[in-house]
Amino acid sequence: MCTFKKICVTNRHLSERPLYEQLKIVFAISKPDIVILREKDLSEDEYRELAYKVKLLCDLYSVRLIVSKYYKIACELGTAVQLSIIDYESNIESLDVLKAWVSVHSLQEALRVSCAGANAIIAGHIYETDCKKGLPGRGIDFLTSIIEQVDIPVYAIGGIDELNIEEVSSAGASGACQMSYYMKL
């Protein structure tokens, strides 16, 4: 059994500081195991520039970096890539040897990507979250149903905080992805 991983998902718009400075604080105070660089609004060139800087910082602190969306940049940096199910299924042939973490929102999606060769699943959203205002969380039973039916690591995302992270761990998740917690430290 793998150790439960704590994953920082970035969103520089939630931080009062520039992202690079915020990550230095995150690494010093509450070192996560992994950072998913999720800056959706950046162009590929802007993202590449940021990813190279963040990769150096991650290497300095021994934190694993996962590139979001841009699988060519992940290949350049030698990292895994995190993709939506649509991006994963549309680009599966192009992913070559990359490790792919795929975000899913149903058991059926989890089963599809697991059978298609994804290396890990990010299942969400588990609890209510400001990122998905007005949508109820899918709950621990949703998470557990995926964990029980796939043979790859399943990470939980959505509304996870210090009050409910133990519930996620106890459900058997391989780890928890948190955005607000890390971006507002």
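The values are calculated or read from the model by the stated rules, or taken from the named source; none is laboratory data. Note that this is a predicted model, so its numbers are computed, not measured. Each accessible area value is taken on the protein alone, full model and side chains, heavy atoms only, with ligands, DNA and RNA left out. Shrake-Rupley method; radii C 1.70, N 1.55, O 1.52, S 1.80 Å.
Quick look at the values:
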quantity	calculated
Every residue from the range 134-146 that is open to solvent by less than 40 Å² (accessible area, probe 1.4 Å), part of a helix (DSSP H, G or I) and not hydroxyl-bearing (Ser, Thr, Tyr)	GLY139, ILE140, PHE142, LEU143, ILE146
Residue, nearest to TYR181 (Cα to Cα), within the range 114-133, restricted to residues that are part of a helix (DSSP H, G or I) and more than 15 Å from the chain's Cα centre (by Cα)	ASP130
